[in-house]
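*Asks:* Sharing a structure below in structure tokens format, with a few things to ask.
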Amino acid sequence: MSDERPLWRRIPAAWELARLGSAGEAPSEWVPAQVPGAVQLDWARAKGLPDYRFGSNVRAYDGLEDYHWLYRTRIPDLGLRPGEEAVFACGGVDYACEVRIGGKAVLRHEGMFSPFETEVGARAGEALEVLVLPAPKEPGEPPGRSQARRSCKPAVSYGWDWHPRLIPLGIWAESGFVVRPRGRLRSAEFSYELAEDLSSALVTVASDPPGAAWRLLDGAGRAVLEGSSEPRVMGSPRLWWCHDQGEPHLYTLEATLGGDVLRRRVGIRRTRLVVHEGGWAVGGFPASRAKPPITVEINGRRIFARGSNWVSADVFPGRVDAGVVRPLVTLARDANFNLLRSWGGAIVNPEAFFDACDEMGMLVWQEFPLACNDYPDDPAYLAVLDRESRSIISRVRRHPCLAIWGGGNELFNAWSGMTDQSLALRLLNRNCLDLDPRTPFLPTAPLDGMGHGDYRFRDDRGREVFEIFGTASNTAYSEFGCPGPAPEEALRTFIPEAELWPPRPGTSWETHHAFGAWEADPSSHLYLPMIERYFGKSQGLGELVARGQWLQATGLLAVFEEARRQKPRCSMALNWCFNEAWPTAAGNALVGWPAKPGPAYASAKAACRPVLASARIPRFQWRPGEAFEAQLWVLNDSCDDLPPGQVRACLVAAGERVPLGSWDFPGGKAGRNVAGPALSARVPQAAPGELRLEVEAGPANAWGSAYRLSLAAP
């Protein structure tokens, strides 16, 4: 839960908005405004702009980010009592602003992740204005992410291969008037040092001002530890675990000072990044170092991180609230994921996201808002990054779900050009060390040994995912993808009827990323030529969608399982990506906007079960009479030893079942995979269609797996 302050009174504000050509221009028209929100949404409501999600309507919003926008409200009668103070508290403005009271500037601010406040006192009736400045754009840069390279505004809004170019502005976080005790408890920071054997924790609560009394309550509301200024030893603490390894236990911290009370949930756990088994065997002289550590260790136990990349859940950050994020986090947990990488091109999520991850036992790798740009060693930029990062760290470090800090996305490469000597990354590392020293820090992803890509079922060399990843040898696959089209029923809600069939460039299909989305391939992300290579021309939209989703689901299942088979060298598989910010016609997401899982989600869920029987398959499409071969495995990421049993496999086509054989599985240790034999059989003589490989294993076939392959004409 976010901080609870029982004695504080929060008074919402009623806002109106004006569009200005310059900072000094007098408003000529006011329209109603919603906070949290965005100026584009307010303007669209007032002026009847079309839904940006439908067709190519998003272009009607072009240029709105280049205006000044003036929010206005009136300070209400706040009913101040003796010993109270009143402030205007703003949770966040996107992106830079000036606050005025009674026409006089009282505060200037840049950065959307640092809250701010200003005293209002007994000034009932006076106008309070927030002037939002135009979106930052690097002079001379063409439209695209490079325009964001000198700001801390998430670069995704400037256009990406799955996100439209629509650059939000406005008051995006909870904001309004707050009445509180003048001698308030400003903060109470909970920290602890776990004993190496995890048997005890030395708990400290540092309050501002000092001297707050505090209690730690268990789930039943019973006090299990109390103190004030001095650290206290807690014996046998109940640890917070990711959900597949144990219980994500949460305590409630209650701190009190002079009658003011603060409550928040906290957890006790230890996360580390360690070098994988055998990782120090780097050869003889001249010696080098091991690959950077990426194996997640929680509470002394090494785990395989199965998960996805989380992106902004809406184009407009002001609409990302508990009602948006909780269903998505629930889907991630139910997909057997244990880690979400909160991608650096997107927003740093509000508290509701981290609260949900705390409750559901979902680890979070949180990146700072840097992505695919060369961020400068410029003092002005670094000053904003310093303030923004410290605000982010101070807020997010409280959550036990936080497992890793990341400097940003894809910064050590040709299109970004940064290195670990870049001042922005040195600054972020320093701030993490200062404010959250026990949480691991990675400068970027990927690093040496880690893999980003491929993002296709079949690459331009003709290799399918089975070969691409079967011949790879990474310590982590922190991004990989396999695109597919949106469901037909979803497509009909945002593609105009006249453009639905056949899909073609230059239409709403392209606006929604089905064509020309990725510079590496003009057919991305629908990849019509690839679909036709396997299946021929589709006769209608439903058939095309089914074929494209078949390839996506099969490809993602193959990559997740292959990454897991490469354990312990490999210890992480995170697909690109989990969710969407708006409806895409084709893309890599497992869950369509706003929270609609598709066949690819079901495949990822099956491939990420803690225990399963797996088959390593050489390719997707087969012909009758060919020799089919698959190697069997039992993959185990669970905390339990596995009993012996039999694993059986067979091919199925047009109702005919052809046994491949069986394997007497000898049992396995907790967290360890077991490789089995390669079994073979002739592909059945059947008409073109689906070729299914079925693997049966475990009690009541709980470990069983199924693979949808293609049977082509002879």
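The values are calculated or read from the model by the stated rules, or taken from the named source; none is laboratory data. Note that this is a predicted model, so its numbers are computed, not measured. Cβ coordinates were reconstructed from backbone atoms using ideal geometry, including for glycine residues, and neighbour counts include every protein chain displayed. To get the accessible areas, we keep the full protein, side chains included, count just its heavy atoms, and leave off ligands, DNA and RNA. Shrake-Rupley method; radii C 1.70, N 1.55, O 1.52, S 1.80 Å.
*Asks:* Being under 20 Å from the mean Cα position of the chain (by Cα) and small (Gly, Ala, Ser): is that true of residue 604 here?
*Replies:* On the way: under 20 Å from the mean Cα position of the chain (by Cα): yes; small (Gly, Ala, Ser): yes.
Here the answer is yes, as residue 604 does meet what is asked.
*Asks:* Would you confirm, using the coordinates I've provided, whether residue 700 is without any contact (Cβ under 8 Å) to a residue 12 or more places away in the chain and surrounded by fewer than 18 Cβ atoms within 10 Å (Cβ to Cβ)?
*Replies:* Against the criterion (without any contact (Cβ under 8 Å) to a residue 12 or more places away in the chain and surrounded by fewer than 18 Cβ atoms within 10 Å (Cβ to Cβ)), residue 700 qualifies.
*Asks:* Let me confirm something: among 639, 570, 650, which residue is at pLDDT 95 or above, open to solvent by 10 Å² or more (accessible area, probe 1.4 Å) and either part of a strand (DSSP E or B) or touching a helix residue (DSSP H, G or I) at 6+ places or on another chain (Cβ under 7 Å) (or both)?
*Replies:* 650
*Asks:* Go through 580, 562, 543, 532 for me and flag whichever is within 20 Å of the chain's Cα centre (by Cα) and either assigned to a loop (DSSP other than H, G, I, E, B) or not polar (S, T, N, Q) (or both).
*Replies:* None of the other options fit; the residue is 580.
*Asks:* Ok, one more. Filter region 110-139 for residues that are under 24 Å from residue 376 (Cβ atoms) and among the charged types (D, E, K, R); which is least open to solvent (accessible area, probe 1.4 Å)?
*Replies:* Among residues in region 110-139 that are under 24 Å from residue 376 (Cβ atoms) and among the charged types (D, E, K, R), the one least open to solvent (accessible area, probe 1.4 Å) is 138.
*Asks:* Which one is most open to solvent (accessible area, probe 1.4 Å), of the residues in region 72-100 that are assigned to a strand (DSSP E or B), within 14 Å of residue 12 (Cα to Cα) and not β-branched (Val, Ile, Thr)?
*Replies:* Within region 72-100, the match that is most open to solvent (accessible area, probe 1.4 Å) is 74.
*Asks:* If you don't mind, there's one more thing I want to ask. Pick out, from region 266-315, the strands (runs of 3 or more DSSP E) lying fully within it that include 1 or more residues that are touching a Pro at 6+ places or on another chain (Cβ under 6 Å) and not hydrophobic (A, V, I, L, M, F, W, C).
*Replies:* none
*Asks:* For residue 404, work out the one condition from (1) closer than 25 Å to residue 144 by Cβ; (2) buried (at least 19 other Cβ atoms within 10 Å of the Cβ); (3) not polar (S, T, N, Q) it doesn't fulfil.
*Replies:* (1)
*Asks:* Out of all the residues in region 246-260, is one or more open to solvent by less than 20 Å² (accessible area, probe 1.4 Å) and in contact with a Pro (Cβ under 7 Å, 6 or more places away or on another chain)?
*Replies:* yes
*Asks:* Filter region 1-21 for residues that are surrounded by fewer than 12 Cβ atoms within 10 Å (Cβ to Cβ) and at pLDDT 95 or above and give the result.
*Replies:* The one that is surrounded by fewer than 12 Cβ atoms within 10 Å (Cβ to Cβ) and at pLDDT 95 or above: 21.
*Asks:* Consider residue 224 carefully, then state whether it is touching a Pro at 6+ places or on another chain (Cβ under 7 Å) and closer than 28 Å to residue 8 by Cβ.
*Replies:* Against the criterion (touching a Pro at 6+ places or on another chain (Cβ under 7 Å) and closer than 28 Å to residue 8 by Cβ), residue 224 does not qualify.
*Asks:* Among all residue pairs at least 6 apart or on different chains, which show Cβ distances below 7 Å where the first residue, located in region 591-610, is farther than 17 Å from residue 550 by Cβ and open to solvent by 20 Å² or more (accessible area, probe 1.4 Å) and the second is at pLDDT 95 or above and among the β-branched types (Val, Ile, Thr)?
*Replies:* 594/324
*Asks:* Just give me the residues in region 434-449 being part of a strand (DSSP E or B) and open to solvent by 20 Å² or more (accessible area, probe 1.4 Å), in sequence order.
*Replies:* As a first pass, look at region 434-449 and keep what is part of a strand (DSSP E or B): 441-442, 445.
Within region 434-449, 441 is the sole residue that qualifies.
*Asks:* Looking at 348, 324, which one is in contact (Cβ under 8 Å) with a residue 40 or more places away in the chain and either more than 23 Å from residue 35 (Cα to Cα) or open to solvent by 10 Å² or more (accessible area, probe 1.4 Å) (or both)?
*Replies:* Unique residue meeting the criteria: 324.
*Asks:* Here's something else I'd like to know. Could you check region 458-495 and list, in sequence order, the residues that are crowded, with 24+ Cβ neighbours inside 10 Å and β-branched (Val, Ile, Thr)?
*Replies:* Passing the criteria: 465, 475, 495.
*Asks:* Let me ask you something else. Quick one: in region 199-225, which of the residues that are closer than 11 Å to residue 189 by Cβ and among the polar types (S, T, N, Q) is least open to solvent (accessible area, probe 1.4 Å)? Show your work before the answer.
*Replies:* Let us first name the residues in region 199-225 that are closer than 11 Å to residue 189 by Cβ, namely 204-208, 212, 214.
Now narrow it down to the ones that are among the polar types (S, T, N, Q): 204, 207.
Details: 204: 41, 207: 22 Å².
Selected residue: 207.
*Asks:* A further question on this structure: For region 292-301, enumerate the residues that are out of contact with any Lys or Arg (no Cβ under 9 Å at 6 or more places or on another chain) and open to solvent by 10 Å² or more (accessible area, probe 1.4 Å). Steps first, answer last, please.
*Replies:* Residues of region 292-301 that are out of contact with any Lys or Arg (no Cβ under 9 Å at 6 or more places or on another chain), as a first pass: 292, 294, 301.
Result: 292, 301.
*Asks:* Return the residues of region 14-49 that are part of a helix (DSSP H, G or I), within 18 Å of residue 134 (Cα to Cα) and aliphatic (A, V, I, L, M); say none if nothing qualifies. Spell out how you get there, then give the answer.
*Replies:* Here is the first cut: in region 14-49, the ones part of a helix (DSSP H, G or I) are 39-47.
Next cut, within 18 Å of residue 134 (Cα to Cα) only: 39-44.
Listed by number, the residues that qualify are 39, 41, 44.
*Asks:* What residue, among those in region 416-426 that are assigned to a helix (DSSP H, G or I) and open to solvent by less than 20 Å² (accessible area, probe 1.4 Å), is farthest from residue 403 (Cα to Cα)?
*Replies:* Among residues in region 416-426 that are assigned to a helix (DSSP H, G or I) and open to solvent by less than 20 Å² (accessible area, probe 1.4 Å), the one farthest from residue 403 (Cα to Cα) is 424.
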